[in-house]
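Bear in mind these aren't lab numbers, they're just calculated from the coordinates by the rules spelled out. Predicted model only: the values in this text are computed from it and were never measured. Backbone-built Cβ (ideal geometry, glycine too); neighbour counts: all protein chains shown.
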Amino acid sequence: MSDLYLFIPAALNADQELTQTPLSWVYTDVNNELKLVNGMLSDVASTITNQSVIVVLDGEVVLSLLAEVPGKNIQRVQQAVPYVLEDSVIDDVDVLYFAINKSKTGQADNQYNVAVINKAYFESVV
């Protein structure tokens, strides 16, 4: 199975839905050639054949931080991360999603890479 990378633009007009926004995606076709396609979200469905879809967001909408959180229980770490990082973000932690990277290669046991995104934006593109 190959991957299809769907690129979501950072700036959507307030009156524009994702289904009405021109998008770009990259995939490997049956001849194992890389293809770049532009079109509408409905066009993506005709492209997908035995492929997993990876959504790619612009870096300007995702904040990448390093959090130092004591403990090894990943569920407790996930609960603590927003409050550990609340001084590093402008928005209230209740309007943000925090995704932690569980693999900590090259970092101390209590350090986690964290991606932060606004909930309202994230929900508008999923």
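Label points 7 Å out from Cα along the Cβ direction at residue 60 and residue 36: separation in nm?
Going from the residue 60 label point to the residue 36 one covers 1.9 nm.
Taking 2.2 N^0.38 Å as the expected size of a compact globular protein, what ratio does the Cα radius of gyration of region 4-76 give against it, to two decimals?
Dividing the Cα Rg of region 4-76 by 2.2 N^0.38 Å gives 1.50.
On full extension of the chain, what length is gained from residue 5 through residue 51, given 0.36 nm per residue of separation minus the C-alpha to C-alpha distance? It would help to have the intermediate numbers written out before the result.
Details: separation 46, 0.36 × 46 = 16.56 nm, distance 0.98 nm.
Taking 0.36 nm per residue and subtracting the Cα distance, the gain is 15.6 nm.
Which value, in debye to the nearest 20, describes the size of the charge dipole of the chain about its Cα centre when Lys and Arg Cβ atoms bear +1, Asp and Glu Cβ atoms bear -1, and nothing else is charged?
520
In whole percent, what relative contact order does the chain give with Cα contacts below 8 Å and a gap of six or more residues?
It comes to 24 percent, rounded to a whole number.
Calculate, in nm to one decimal, what residue 18 and residue 88 gain on full extension: separation in residues at 0.36 nm each, minus their alpha carbon distance.
Separation in residues times 0.36 nm, less the Cα-Cα distance, equals 22.2 nm.
Taking only Cα atoms, what is the 0 to 90° angle, nearest 10, from helix 74-84's long axis to the longest principal axis of the chain?
The answer is roughly 80 degrees.
What are the equivalent ellipsoid semi-axes of the chain, built from the alpha-carbon gyration tensor (square roots of five times its eigenvalues), in whole angstrom, biggest first? Numbers along the way, then the final one.
Details: eigenvalues 211, 80, 22 Å².
So the three semi-axes of the chain are 32, 20, 10 Å.
Please state, to two decimals, what the Cα-based radius of gyration of region 58-126 comes to when divided by 2.2 N^0.38 Å (N = residues). Provide the component values of the computation, followed by the final result.
Working: Rg = 12.1 Å, N = 69, 2.2 N^0.38 = 11.0 Å.
So the Cα radius of gyration is 1.10 times the expected 2.2 N^0.38 Å.
So which aspartates and glutamates can residue 102 reach, going by Cα to Cα under 15 Å and dropping same-chain residues fewer than 8 places off?
68
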